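One structure is given here, and the rest of the page talks about it.
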There are 2 protein chains.
Amino acid sequence: MPAGQQALEADNRRKNFMRLQNANSNLGTSSMTLHHEDALGRCEPCVVRRRGICNALIRDELKQFRTIAGRRTFAPGQHIHLADEKPEFFAAVVSGVVKLTKVLFDGRQQVVGLLLPPDSVGRALGRKTPYFAQAATEVELCCFPYAGFERMLDDFPGLKQRLLEQTLDELDGALDWMVLLGRKTAEERVASLLVMLATRASINDDEGERASACTQTLDLHLKREEIADFLGLTYETVCRQFSMLKKRGLIELTGRRRVMVPDVAALALAAG
Amino acid sequence: MPAGQQALEADNRRKNFMRLQNANSNLGTSSMTLHHEDALGRCEPCVVRRRGICNALIRDELKQFRTIAGRRTFAPGQHIHLADEKPEFFAAVVSGVVKLTKVLFDGRQQVVGLLLPPDSVGRALGRKTPYFAQAATEVELCCFPYAGFERMLDDFPGLKQRLLEQTLDELDGALDWMVLLGRKTAEERVASLLVMLATRASINDDEGERASACTQTLDLHLKREEIADFLGLTYETVCRQFSMLKKRGLIELTGRRRVMVPDVAALALAAG
DNA sequence: CGTTGGATTGATATGTTTCAAGTGGAGTGG
DNA sequence: CCACTCCACTTGAAACATATCAATCCAACG
């Protein structure tokens, strides 16, 4: 199954869930402007509203926020921000996966961040992004042009606080990853990635229905090479470690980019 | 020369400089409370006031800030914050070096941050620090107990902004380090560390007098093992790379923890 | 049904770690 | 003042994990 189709699958699962939450809204493949309840429209069922940056806004603030917001989609591989440039917009990931990469002069690459819904992309305070932000799958963003965003950052007190909270979370994530890159073995790195994805996925699932016990099926979204660049390894090594974990019974490979984890806790042990 | 004495030397250079800046104040080895100009006292010549967190405060705010602030010193090796605990205070480094470390279950260690004056230690918003903060040399901190600090964070609009700026800088630093840990060779790692220290040192020097061209002498402050834990290597490898760089003429070892860099730009090239 | 891009597996090369021995300077005590 | 000790540092040799090079494999797709 090709990357794009898998991404769409993931997308559809999310949209199905949103439909459950908000049975009146008419969300198709490109849900446009049909909403019934009130002026919040597509914001009401949106992940970003429920658990992302928009969660920091009270109803009236959100209405204002909506006036500057606009959705944009990006094809796999497309760049969202370039390194060392001031981006045009701050944005929230509505669906899909964004990877943040840094490149060395000779082409060596390191993925320094992976953004899933409802994470934010971009830098506040008129700063440059020190990395490339690139769509790893089909991606839908809710974009806030800087002019308006910076203004609301000053007007809505909760927003700046939220931004600080998010930045601290990002920092914590980066520090954890430094331990992985500096001190963990190849097997621990791969296991760590899977555990991280499992954890994030279960947060999302919990909302809809029950948490699926300790066994989980994951979408990797990334190809082996991208995983390698995230873990500071080569793609061959990543392959071999997948095989190892499979041999040890800690995972099952149920598709090119699909992994079944029978016991997340056991895998977490192998993650160091 | 023993570690402690070297640290004191570095300390004294800083204090000498402070004396230049503020000829009236009577700064001895333990400058206490003798100041003449106004109520700002020891804050006036302090690095933290000039380039650290206190720089975000206007004069009146600083006066209030001073009422909750208190200086504390830590001996080399002493812990400042423990991992996964809410610290009692937010603080700024006045002199010395603080290292932030994370430890794996089996003792593997990774230094995830190195704080020099006028950096900040601690977490805002009542969060836990996800690392151990430990004095690497004799350290002097200016501490702000949380109760008061959080209050002023809400009262002084510039302060929260500044905290966000600093957190973004920390994040950028962490991302750079991820590239180092994930993709650079041992030699590039050591070179990168030296370039980073040289850059930071020159920022400090610039203020006092002219930047010392492209040649610099650095205090490492850390022992080989600590450097290794910062770079994701073993201390033997760090040793060997120091020797390599010396053989290549890029550095000279002028003391156990003292390095002379004849041409910082040339070293930066070797840093990848 | 051949083409293509990604994934897997194998064989070999290499950089770093590990284990081990030795150095050198600073502090100690006779 | 001179051993003596200690700890950090240095250097060497062997072991090891991961990278590199190379050959399939496999599923999707035109």
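The values are calculated or read from the model by the stated rules, or taken from the named source; none is laboratory data. As the structure is a computational prediction, the values presented were derived from the model and not from experiment. Here the Cβ positions follow ideal geometry from the backbone for every residue, glycine too, while neighbour counts run over all protein chains shown.
Quick grid of which residues meet (1) over 26 Å from B:P45 (Cβ atoms); (2) of a type in the set (S, T, N, Q); (3) touching a helix residue (DSSP H, G or I) at 6+ places or on another chain (Cβ under 9 Å):
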site	(1), (2), (3)
B:P145	no, no, yes
B:F149	no, no, yes
B:E165	no, no, yes
B:S192	yes, yes, yes
B:S202	no, yes, yes
B:Y235	yes, no, yes
B:C239	yes, no, yes
Practice prompt. List every residue pair whose Cβ atoms lie under 7 Å apart, where the two residues are 6 or more positions apart in sequence or sit on different chains, the first residue falls within segment B:237-259 and is within 14 Å of chain A (Cβ to nearest Cβ), and the second residue, located anywhere, is away from DNA strand C (no atom under 11 Å from the Cβ).
Written response: B:V238/B:R224; B:V238/B:I227
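For (1) under 13 Å from the mean Cα position of the chain (by Cα); (2) modelled with pLDDT under 95, each residue gets a yes or a no:
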residue	(1), (2)
A:T73	no, no
A:H81	no, no
A:A91	yes, no
A:T101	no, no
A:R108	no, no
A:L115	yes, no
A:A124	no, yes
A:F132	no, no
A:A135	yes, no
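Quickly run through segment A:162-186 and pick out the residues that are of a type in the set (A, V, I, L, M) and within 12 Å of chain B (Cβ to nearest Cβ).
The answer is A:L163, A:L164, A:L168, A:L171, A:A174, A:L175, A:M178, A:V179, A:L180, A:L181.
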Practice prompt. Would you point out the residue of segment A:147-186, among those that are within 21 Å of B:G232 (Cβ to Cβ) and of a type in the set (K, R), that is nearest to DNA strand C (Cβ to nearest atom)?
Written response: A:R183
Response to the item:
When restricted to A:A228, A:A198, the only residue away from DNA strand C (no atom under 16 Å from the Cβ), modelled with pLDDT of 95 or more and either on the phi < 0 side of the Ramachandran plot or of a type in the set (D, E) (or both) is A:A198
Response to the item:
Conditions (1) closer than 27 Å to B:F74 by Cβ; (2) part of a helix (DSSP H, G or I); (3) touching a Leu at 6+ places or on another chain (Cβ under 9 Å); (4) assigned by TED's automatic domain parsing to the domain that holds B:G249 -> B:R162 fails only (4)
Worksheet item: Among the residues of segment A:106-148, which ones are surrounded by fewer than 21 Cβ atoms within 10 Å (Cβ to Cβ), of a type outside the set (F, W, Y), touching a residue at least 40 places away in the same chain (Cβ under 8 Å) and within 14 Å of chain B (Cβ to nearest Cβ)?
Response: A:Q109, A:G126, A:R127, A:K128, A:T129, A:P130
Worksheet entry | Which listed residue is without any contact (Cβ under 8 Å) to a residue 12 or more places away in the chain and either more than 13 Å from chain A (Cβ to nearest Cβ) or over 22 Å from B:D60 (Cα atoms) (or both), from B:R189, B:R151 | B:R151
Item to complete: Confirm whether B:L100 is more than 9 Å from chain A (Cβ to nearest Cβ) and at negative phi.
Response: no
Discussion item. Test of understanding: among A:L222, A:L231, which residue is within 14 Å of chain B (Cβ to nearest Cβ) and closer than 16 Å to A:T101 by Cβ?
Written reply: A:L231
Worksheet item: Checking B:R189 against (1) within 16 Å of the chain's Cα centre (by Cα); (2) within 16 Å of DNA strand D (Cβ to nearest atom), which single condition isn't satisfied?
Response: (1)
